[in-house]
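Just so you know, all these numbers are worked out from the coordinates, no wet-lab data involved. Everything numeric in this text was worked out from a predicted model, so none of it was measured. Ideal geometry is used to build each Cβ from the backbone, glycine not excepted, and the neighbour counts take in all protein chains shown.
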Amino acid sequence: MKVSIITVVLNNADTIGQAIDSVLMQDYPNIEYIVIDGQSTDGTLDIIKSYGDKISNWVSNKDGGIYPAMNKGLKMASGDIIGILNADDVYAKTNVVSSIVELMQQKNAETAYADLCYVERNDLTKVVRYWKSGAYKSGSFAFGWMPPHPTFFVRKTVYEKFGVFDTTLRSAADYELMLRFLHKNKVTTCYWPQVAVNMRVGGESNKAVSNRIKANNEDALAWQKNGLKMPFYTRYMKPIRKIPQFFIKKR
């Protein structure tokens, strides 16, 4: 079974090498690695080129933003299962992909997800937040639950059946996609209770309170776009659920 991993990057010369290395170090033998560069000008492209044919496929051109770039990668992907690793992130273990594939096969699941650690930008061993996902239950999205998108693996057939990222959304397209897959269309999923990804702090939707408010508004729009009525308490539950992440530091 082939697994496609997609990394989208724009001017991340300081981190892209570590992201690439974490994919290449995976012990799973059949990985197609795709890198989508948005015409970086800081040396990122030179780093990508330095890996030669270790990267299965890469392109560098204007793409209109992170979600259009992800959609470009999805169109290029030929794997049975697809994962997306951001340029600021790294896989936490060398067996992430193999463990996810094994679990999805055992559970006959269409998607899978795991735990995630937010780490300091310059010290990947320093945990700032620990996102323990927990098992998914029907209706969990209404109570503010969502899986960490960088840990979310999806069978290609799911994208073909239910669509890709909604590029009209600026910061919540990943939330909308997972809401559409898991909550609306009842796509089957399974949970690997391990840290799969270390994510550097400083994501766009979390940089400022104003950005978080905008993202929260987009979450509501995600429900509306899917013809779903978002309970009034969901808007408040989603940020509240994040509070324990700052106190759980175990890995």
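Among Pro193, Thr234, Gln245, pick out the residue whose Cα is farthest towards the positive end of the charge dipole of the chain, where Lys and Arg carry +1 and Asp and Glu carry -1 on C-beta, about the Cα centre.
Toward the positive end, the furthest listed residue is Thr234.
Counting other beta carbons within 10 Å of each Cβ, put Tyr113, Tyr118 in order, fewest first. Walk me through the intermediate numbers first.
Values: Tyr113 24, Tyr118 21.
Least to most surrounded, the residues fall as Tyr118, Tyr113.
Among 24-32, 63-71, 184-192, what's the highest-first ranking by average C-beta atoms within 10 angstrom per residue?
Descending mean neighbour count gives 63-71, 184-192, 24-32.
Working from the pairwise distances between different alpha carbons, so that the mean of 1/r is found and then inverted, what is the chain's Kirkwood radius in Å? Before the final figure, lay out each step's value.
Working: mean 1/r = 0.0545 Å⁻¹.
Across the chain, the inverse of the average 1/r is 18.4 Å.
In which sequence would Ile47, Ile82, Ile240 go, from the one with the fewest C-beta neighbours within 10 Å to the one with the most?
Ile240, Ile47, Ile82
Below 22 Å, Cα to Cα, which lysines can Lys49 reach? Residues fewer than 8 away in the same chain don't count.
Lys62, Lys72, Lys75
State to the nearest 20 debye the size of the charge dipole of the chain about its Cα centre, where the only charges are +1 on K and R beta carbons and -1 on D and E beta carbons.
1140 debye
Over 25 Å between Cα atoms: which of Lys2/Lys242; Lys126/Lys186; Lys156/Lys225; Lys186/Lys238 fall into that group?
Lys2/Lys242; Lys126/Lys186
Which order do Phe152, Phe247, Phe165, Phe181 fall in if you start with the one that has the fewest other Cβ atoms within 10 Å?
Ordered by Cβ neighbours within 10 Å, fewest first: Phe247, Phe165, Phe181, Phe152.
Could you give the angle, 0 to 90 degrees to the nearest 10, between helix 66-76's Cα long axis and the longest principal axis of the Cα atoms of the chain?
Helix 66-76 and the main axis of the chain meet at about 60 degrees.
Between Asn57 and Gln106, what FRET efficiency comes out of the Förster formula 1/(1 + (r/R0)^6) with R0 = 30 Å and r the beta carbon distance, rounded to 0.05?
For Gln106 and Asn57, the calculated efficiency is 0.50.
Compute the helix-to-body angle for 96-107: its Cα long axis versus the longest principal axis of the chain, expressed 0 to 90° and rounded to tens.
50 degrees
Nothing charged except the Cβ atoms of Lys and Arg (+1) and of Asp and Glu (-1): what's the magnitude of the dipole of region 43-153 about its Cα centre? Round to the nearest 20 debye.
In total the dipole reaches around 160 debye.
Tell me, what are the semi-axes, in whole angstrom and largest first, of the equivalent ellipsoid of region 72-116 as set by the roots of 5 times the Cα gyration tensor eigenvalues?
18, 16, 9
Along the charge dipole of the chain, which of Leu45, Gln105, Met25 sits closest to the positive end, that is, farthest toward it, with unit charges on the beta carbon of Lys, Arg, Asp and Glu (+1, +1, -1, -1)?
Selected residue: Gln105.
When the Kirkwood hydrodynamic radius is evaluated over all pairs of different C-alpha atoms of region 150-203, what value in angstrom, to one decimal, is obtained?
By the Kirkwood definition, the hydrodynamic radius is 12.7 Å.
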